[in-house]
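Quick notes on the structure that follows.
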Amino acid sequence: QVRLVESGGGLAQPGGSLRLSCTTSGSANGITFIRWYRQAPGNERHLVATITSNGITDYSDSVKGRFTISRSTANTAYLQMNSLKAEDTAVYYCNFVKWGQNYWGQGTQVTISS
């Protein structure tokens, strides 16, 4: 059973920064995609950022230039979030695709407020 554990959420002011982490309990072998999603209250879950096993990244237009997705050589992925805005407030979920299967973290709350 692959388990993902997220951390790094919390409260930040507009213009501030946060870094989210997501660690998998299993081996890094077979991980082809790592993605971060977010879900604001009353809204659907939306894809924010993707990184492939080859290190290719992609971002939604709403976060492009402000957020950076990365992964360590082991089992951890990161989402560096800069120049935060109130509309970035949401629960953030990491998603690993490993051997064709989707695995999800439990979600971490990010709140941007002055």
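Kindly indicate whether LEU11 is open to solvent by 30 Å² or more (accessible area, probe 1.4 Å) and either aliphatic (A, V, I, L, M) or in contact with a helix residue (DSSP H, G or I) (Cβ under 7 Å, 6 or more places away or on another chain) (or both). Yes.
Total residues in region 88-110 satisfying the condition of being open to solvent by 50 Å² or more (accessible area, probe 1.4 Å) and either polar (S, T, N, Q) or in contact with a Cys (Cβ under 6 Å, 6 or more places away or on another chain) (or both): the figure is 4.
When LYS85, LYS64 are checked against the criterion of being open to solvent by 50 Å² or more (accessible area, probe 1.4 Å), out of contact with any Phe, Trp or Tyr (no Cβ under 6 Å at 6 or more places or on another chain) and free of Cβ contacts under 8 Å to residues at least 12 places away in the same chain, a single residue qualifies: LYS64. Of all the criteria given as (1) touching an Asp or Glu at 6+ places or on another chain (Cβ under 7 Å); (2) under 15 Å from SER17 (Cβ atoms), the one not satisfied by TYR78 is (1).
Selection of region 8-46 for residues being hydrophobic (A, V, I, L, M, F, W, C), within 17 Å of GLY107 (Cβ to Cβ) and either under 14 Å from the mean Cα position of the chain (by Cα) or assigned to a loop (DSSP other than H, G, I, E, B) (or both) yields LEU18, LEU20, CYS22, ILE34, TRP36, ALA40. Against the test of being surrounded by 14 or more Cβ atoms within 10 Å (Cβ to Cβ), assigned to a strand (DSSP E or B), among the small types (Gly, Ala, Ser) and at pLDDT below 95, the options ALA49, ALA77 yield a single qualifying residue, ALA77.
The values are calculated or read from the model by the stated rules, or taken from the named source; none is laboratory data. This one's a predicted model, so the numbers in the text were calculated from it and none came from an experiment. Here the Cβ is made from the backbone with ideal geometry for all residues, glycine too, and neighbour counts use every protein chain on show. To get the accessible areas, we keep the full protein, side chains included, count just its heavy atoms, and leave off ligands, DNA and RNA. Shrake-Rupley method; radii C 1.70, N 1.55, O 1.52, S 1.80 Å.
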